[in-house]
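Trainee: Take a look at the following structure, please.
Just so you know, all these numbers are worked out from the coordinates, no wet-lab data involved. Note that the structure is a prediction, hence the values are computed from the model and not measured. Virtual Cβ from ideal backbone geometry, glycine too; neighbours counted across all protein chains shown.
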Amino acid sequence: MQKKNRQKSNRVKYYYTYMVACSDGSYYTGYTTDLERRVASHNAGTGAKYTKSRRPVTLVYAEQYETKHDAMSREVKIKQLSHQEKTELIMTSKRTASVTVW
């Protein structure tokens, strides 16, 4: 059996925890390695089941991590927040610019 010769990219890989605002006013939280592709998939109806019927979605918040574990852990913590707490997180981050927010 022959192994495929795969070249590793020199590109640094980051993981992102993100929130999108759905058309019904709710938020969806997830993690990804490619924010643009993930938001596009949500809007194409091929993302999460939750967002499929709540399109279009808009990226409103994102945090960058070096490990998948950290991004997933943060996703779980954000999902435990109330809608109001998520809104406050988005608004606070826009004011402080401590994380990337769209």
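Trainee: Please pick out the residue among Thr92, Thr51 that is in contact with a helix residue (DSSP H, G or I) (Cβ under 9 Å, 6 or more places away or on another chain) and among the polar types (S, T, N, Q).
Mentor: None of the others qualify; the one that does is Thr51.
Trainee: Let me ask something else. Filter region 27-49 for residues that are among the hydroxyl-bearing types (Ser, Thr, Tyr) and surrounded by 17 or more Cβ atoms within 10 Å (Cβ to Cβ); which is nearest to Gln84 (Cα to Cα)?
Mentor: Restricting to residues being among the hydroxyl-bearing types (Ser, Thr, Tyr) and surrounded by 17 or more Cβ atoms within 10 Å (Cβ to Cβ), the top hit is Tyr27.
Trainee: Restricted to region 13-26, and to residues that are of a type outside the set (Asp, Glu) and farther than 16 Å from Met91 by Cα, which residue is surrounded by the most Cβ atoms within 10 Å (Cβ to Cβ)?
Mentor: Among them, the one singled out is Thr17.
Trainee: Okay, next question. Pairs needed: first member in region 45-57, more than 9 Å from Ser23 (Cβ to Cβ); second member anywhere, of a type in the set (S, T, N, Q); C-beta distance under 6 Å; at least 6 residues apart or different chains.
Mentor: From region 45-57, the pairs are Gly47/Ser41.
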